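Report on one structure; see the data block that follows.
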Amino acid sequence: MRCRRCGEPAAINMRHYKLALCAEHYPAWFVEKTQRTILKYRMFTYQDRILVAVSGGKDSLALWDVLLQLGYQVDGLYIDLGIDGGFGYSTVSKEKAQAFATRYPKAHLHIVSIPNLYGESIVEVAHRKHRTQRPCAVCGLIKRHEMNRVALEAGYTVLATGHNLDDEAAVLFGNVLHWKVGYLQRQSPVLPADGEGLARKVKPLCRFYERETAAYTLLRDIDYIYDECPYAKGATSITHKETLTQMEHDAPGTKLQFYLHFLQAKQEQGLFGTPEDSTPDMHPCSQCGQPTTATDICAFCRLWT
Ligand code: AMP
Ligand code: FES
Ligand code: ZN
Ligand code: ZN
């Protein structure tokens, strides 16, 4: 297999695009394609200040790297959730994010520690509030709140996450399987800010397969944490990913078509509506000021009461 651009041996073959590229031309293609996604979905411009939420995993570090290369004004945010899992999951992932930041003199990494700020790890909060050993729901709530808070306090206009095509296709699959119409309305590469002063949310890697972001980090020599969060095992999103991966194996391009045709149906035919259609009545939480649908105190602040 040869690189389509230069004829040298290919480093990756993307059957769904009938495109093979070498170790030099693949990262360049990845950066160009990210830029096309940013422009296509009008995610942000060079005037925006962007905060990338970095988990220490391959996708979000790849995203930070690409945005820095494209010359955007972009900083990172790592949220230390205090997860150990027998191998210091949070500590190791934080170190990977910190190590990446040293590659660029201009890259600034904000670090927020949940145990230091609020006195408990997410596992402890989940156990105290919900008597569960599975912190995923509490984790999602805390991460969303902290991302919004840091973006607001430090004046970022855009919040970017590293969700890839495999993530988005699996979420779409789950939403369709259970006909969660409100979630289908809100599933989008760009989400308008939830409230005044808050950042718009974007997913610039949503058109890349996980394998493609992995290849990018490998060829760019970016070190990341290989382990998944220890609480991810058995999550339904993982079962959905496995099902789609089996379908992809039988028919390459399945995930891409599934996701892109969904976006097209929304954009061109108005199917499922837009995120704006489903935005419920929000007002500021009386404690933290972030928008909430609750009557007084938001779900995040209620965690600590
Ligand atoms: P996940 O929900 O773990 O699949 O992560 C989805 C995206 O959320 C990642 O690509 C990151 O952009 C962001 N993210 C996840 N965990 C963290 C974290 N601990 N700190 C900052 N951002 C995170
Ligand atoms: Fe949140 Fe695993 S990263 S529970
Ligand atoms: Zn080449
Ligand atoms: Zn609140």
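The values are calculated or read from the model by the stated rules, or taken from the named source; none is laboratory data. The structure presented is a predicted model; accordingly, all values stated were derived computationally and were not measured. Neighbour counts run over all protein chains shown; Cβ positions are idealised from the backbone, glycine included. These accessible areas exclude ligands, DNA and RNA; they are computed on the full protein's heavy atoms, side chains included. Shrake-Rupley method; radii C 1.70, N 1.55, O 1.52, S 1.80 Å.
A compact table of results
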quantity: Single residue of region 232-253 satisfying the filter (assigned to a loop (DSSP other than H, G, I, E, B) and in contact with a helix residue (DSSP H, G or I) (Cβ under 6 Å, 6 or more places away or on another chain)) that is farthest from ligand 4 (Cβ to nearest atom); calculated: PRO252
quantity: Some residue of region 93-109 being touching a Pro at 6+ places or on another chain (Cβ under 6 Å) and at pLDDT 95 or above; calculated: no
quantity: Some residue of region 273-284 being at pLDDT 90 or above and open to solvent by 40 Å² or more (accessible area, probe 1.4 Å); calculated: yes
quantity: Pick from region 181-202, criterion modelled with pLDDT of 95 or more and open to solvent by 40 Å² or more (accessible area, probe 1.4 Å), ranking: nearest to the chain's Cα centre (by Cα); calculated: LYS201
quantity: Count - residues of region 207-231 that are under 24 Å from ASP80 (Cα atoms) and in contact (Cβ under 8 Å) with a residue 40 or more places away in the chain; calculated: 12
quantity: So ASP167, is it acidic (Asp, Glu) and within 12 Å of ligand 1 (Cβ to nearest atom); calculated: yes
quantity: Residue within region 70-83 that is surrounded by fewer than 17 Cβ atoms within 10 Å (Cβ to Cβ), out of contact with any Phe, Trp or Tyr (no Cβ under 6 Å at 6 or more places or on another chain) and among the aliphatic types (A, V, I, L, M) present; calculated: yes
quantity: VAL74 vs. criteria β-branched (Val, Ile, Thr), more than 16 Å from ligand 3 (Cβ to nearest atom), farther than 29 Å from GLN264 by Cβ and modelled with pLDDT of 95 or more; calculated: no
quantity: Filter result (open to solvent by less than 20 Å² (accessible area, probe 1.4 Å) and either over 23 Å from GLU210 (Cβ atoms) or part of a loop (DSSP other than H, G, I, E, B) (or both)) within region 254-272; calculated: ALA265
quantity: Candidate set from region 11-23 (those that are without any contact (Cβ under 8 Å) to a residue 40 or more places away in the chain, surrounded by 13 or more Cβ atoms within 10 Å (Cβ to Cβ) and farther than 12 Å from ALA215 by Cα); member that is farthest from ligand 1 (Cβ to nearest atom); calculated: ALA20
quantity: Per-region count, region 206-236, residues open to solvent by less than 10 Å² (accessible area, probe 1.4 Å) and either closer than 26 Å to GLN290 by Cβ or not hydrophobic (A, V, I, L, M, F, W, C) (or both); calculated: 5
quantity: Matching residues, region 25-57, being charged (D, E, K, R) and at positive phi; calculated: ARG42
quantity: Top-ranked residue in region 257-284 [being within 16 Å of ligand 4 (Cβ to nearest atom) and touching a residue at least 24 places away in the same chain (Cβ under 8 Å); ranked as nearest to ARG128 (Cα to Cα)]; calculated: PRO284
quantity: Among the candidates ALA97, ALA62, residue that is within 19 Å of the chain's Cα centre (by Cα), within 24 Å of VAL123 (Cβ to Cβ) and in contact (Cβ under 8 Å) with a residue 12 or more places away in the chain; calculated: ALA97
quantity: Top-ranked residue in region 285-305 [being in contact with an Asp or Glu (Cβ under 7 Å, 6 or more places away or on another chain) and either outside any loop (DSSP other than H, G, I, E, B) or modelled with pLDDT of 90 or more (or both); ranked as farthest from ligand 4 (Cβ to nearest atom)]; calculated: PRO291
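Conditions tested, residue by residue: (1) at positive phi; (2) more than 16 Å from ligand 3 (Cβ to nearest atom); (3) surrounded by 22 or more Cβ atoms within 10 Å (Cβ to Cβ).
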position: THR91; (1), (2), (3): no, yes, no
position: LYS106; (1), (2), (3): no, yes, no
position: ILE122; (1), (2), (3): no, yes, yes
position: ARG131; (1), (2), (3): yes, yes, no
